[in-house]
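Chemist: After the C-alpha cells below, expect a handful of questions from me.
FYI, it's all coordinate maths here, none of it is from the lab. Source: prediction; values computed, not measured. Glycine gets a Cβ as well: all are built from the backbone with ideal geometry, and neighbour counts include every protein chain shown.
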Amino acid sequence: MSLWKVQGQPATRKQSYDNIRPRRGRKQKRKTPREPEVGIGAGPPHAQITLLKVGVWTQKMAELGEADEAELQRLVAAEQQKAQFTAQVHHFMELCWDKCVEKPGNRLDSRTENCLSSCVDRFIDTTLAITSRFAQIVQKGGQ
C-alpha cells in the first residue's frame, strides 16, 4: 500500500513530486536538527563514563595515602598489561586471519582452523622468546 497519494490516486514513479501529498491520519516524523554536543557530558555514553571515572579517580587520588597510591599504581599497571595482552591477541588474529582465511563462510574448514591455530601459536612463541631474551639482556646489564 502506498504511503503517498496524488490527487486521490496512488503515486507512480512517473508523476511529478509537486502533486504528491502525505495521506491524512498518519503523522510524519519531524526531523529536527540536533545541536552539536559540547562539554563534559557530550559524546557517546562510554566517553561520558570514562570522563566520570577519570574525575572520580583524580578526586580520590588526592585523598589517598602513599600505601594506597602504590596499590593503585600496581592495579593500573595490571590493567595496562591486560589491555596490551588483549591488543596483542587482536593483532595476532588479524594477521593470521589475513594469512589463513581465503574466503569467509559459515564455518571454518579444518585446514583453515589448523592454519589459524599454528599461526597464533608461532606468534605467541616468538613473542615469549623475544621477551625472555630482552629480560636476559636487562638482567645482564643490571649486574
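Chemist: Out of all the residues in the range 98-130, which are loosely packed, with under 10 Cβ neighbours inside 10 Å and under 24 Å from residue 85 (Cα atoms)?
Modeler: If the condition is that a residue be loosely packed, with under 10 Cβ neighbours inside 10 Å and under 24 Å from residue 85 (Cα atoms), then 98 is the only one that fits.
Chemist: I've got another one for you. In the range 112-129, how many are among the aliphatic types (A, V, I, L, M) and over 16 Å from residue 89 (Cα atoms)?
Modeler: Qualifying residue count, the range 112-129: 1.
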